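Undergrad: Take a look at this one; I'll ask things after.
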Amino acid sequence: MDRRRQSLGTTAALAVVLLLAVAACAPGPNAAGDTAALTADPAGFWLGLWHGIILPVTFVVSLFTDSVSVYEVHNNGNWYDLGYVLGISLVFGGPFGARRARG
């Protein structure tokens, strides 16, 4: 029983660390509203893919803080959107996770 409790504690600690690491990579807020004035490179396909993958964690964190957004508004347009949608599809199944009905 003691070994089981230790394993559960280790698993819970690992889950908390993983949750914090993923939340640290969330998109930032749109404080200025004018993204053209920002000097940093806009988010591209790969960052959109990552933001789509971490969407469930980002959404929960965004409910409790104003400093996290679920979508990066300073992006390069359609390529970011494509990556974002593909990332969401990877997490929630989409057409790749669909199963045929057994008949």
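Undergrad: Which condition from (1) modelled with pLDDT under 70; (2) not in a helix (DSSP H, G or I) is the one that L19 breaks?
TA: Of everything listed in (1) modelled with pLDDT under 70; (2) not in a helix (DSSP H, G or I), L19 misses just condition (2).
Undergrad: I would also like to ask the following. A32 - would you say it is of a type in the set (G, A, S), modelled with pLDDT under 75 and assigned to a helix (DSSP H, G or I)?
TA: No, not satisfied.
Undergrad: Of everything in the stretch 35-59 that's in a helix (DSSP H, G or I) and at pLDDT below 60, which residue is farthest from G87 (Cα to Cα)?
TA: Looking at residues that are in a helix (DSSP H, G or I) and at pLDDT below 60, I get A37.
The values are calculated or read from the model by the stated rules, or taken from the named source; none is laboratory data. What you see is a predicted model, and the numbers here were worked out from it, not measured in a lab.
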